[in-house]
Structures are given as C-alpha cells and as structure tokens.
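The block underneath contains the structure these notes are about, expressed in structure tokens.
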Amino acid sequence: MKVINTEKAPAAIGPYSQAMEVGNFIFASGQIPVDPATGEVPEGITAQAEQSCNNVGAILAAAGLDYTNVVKTTCFLADMADFAAFNEVYAKYFTGKPARSCVAVKAIPKGVLCEIEVIAVK
C-alpha cells in the first residue's frame, strides 16, 4: 500500500490519508469543499460542488490519474434538494459516468453541503 498525499487538496482533518494506492486501485477519502490554499469554504451548492470536484481532481493527479480513471463515486449531500444543482456540476467532471451512490446525510464535517469520495483504477 502507498499513501497518496498532495498540498493541492485539503489536508486530512483526522487520522486518515487523502488516498491510498493498493495494486492498481486508488481509494480516495471523501473530499469536502475546502479551498486548500485558504482553508475557506465557498458559499452555495454549486461553488461547493466545484471545489469538492477540484479537490478530487488534485488527489487523482497526485496519483498520476484523472477523472476518466474513476470507476465509483459516493456522494453525500446535506440536503437532497441540492441534487439537481450538484449533478450539473458533477457531470462536467465525471464524464465517464462511473458507478455512483448519492445520499443525503444528517451532517457533513465543517457544515458543508457536499462531499465526494472516489475509487479509481490505473
């Protein structure tokens, strides 16, 4: 196993890694919409979805991959009413249409509106 880490995505806020490489697979931890340069969270679901996708992209790049390598995503929304707006942003990044689960949850760390975790293959 190999730890994947980049300063271009938010640092882990707990005892975990941004991602782990195991064989040909990359298992990325959920990415919330924190700007790694400022530590700030943008306002609104559209901006937060963009930042979460950018954070996922930075981790994929650190592993030498991109969004087309993603085979599975799990998406968490604080409010299912944001589903359509979230999907609009998500579709711009995950053009390969990986398998996906998307659920509403009671709360996401830092009070954000969305979180995205991915599994990718080399």
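The values are calculated or read from the model by the stated rules, or taken from the named source; none is laboratory data. The model shown is predicted, which means the values in this text are computed figures rather than measured ones. Neighbour counts are summed over all protein chains in view; Cβ atoms, including those assigned to glycine, are modelled from backbone coordinates with ideal geometry. Just the protein is used for accessible areas: all its heavy atoms, side chains included, with ligands, DNA and RNA removed. Shrake-Rupley method; radii C 1.70, N 1.55, O 1.52, S 1.80 Å.
Consider region 6-43 and keep the residues that are farther than 22 Å from V112 by Cα and either among the basic types (K, R) or part of a loop (DSSP other than H, G, I, E, B) (or both). The one that is least open to solvent (accessible area, probe 1.4 Å) is G23.
Among the residues here, T46 qualifies as of a type in the set (V, I, T), at pLDDT 95 or above, open to solvent by 50 Å² or more (accessible area, probe 1.4 Å) and in contact with a helix residue (DSSP H, G or I) (Cβ under 7 Å, 6 or more places away or on another chain).
The residues of region 96-109 that are surrounded by 11 or more Cβ atoms within 10 Å (Cβ to Cβ) and under 15 Å from the mean Cα position of the chain (by Cα), listed by number, are P98, R100, C102, I108, P109. Among the residues of region 85-95, those that are open to solvent by less than 70 Å² (accessible area, probe 1.4 Å) and within 18 Å of A58 (Cβ to Cβ) comprise V89, Y90, Y93, F94.
Okay, residues lined up against (1) under 13 Å from the mean Cα position of the chain (by Cα); (2) among the hydrophobic types (A, V, I, L, M, F, W, C):
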| position | (1), (2) |
| --- | --- |
| N5 | no, no |
| P10 | yes, no |
| G14 | no, no |
| M20 | no, yes |
| F25 | no, yes |
| A28 | yes, yes |
| D35 | yes, no |
| G39 | no, no |
| P42 | no, no |
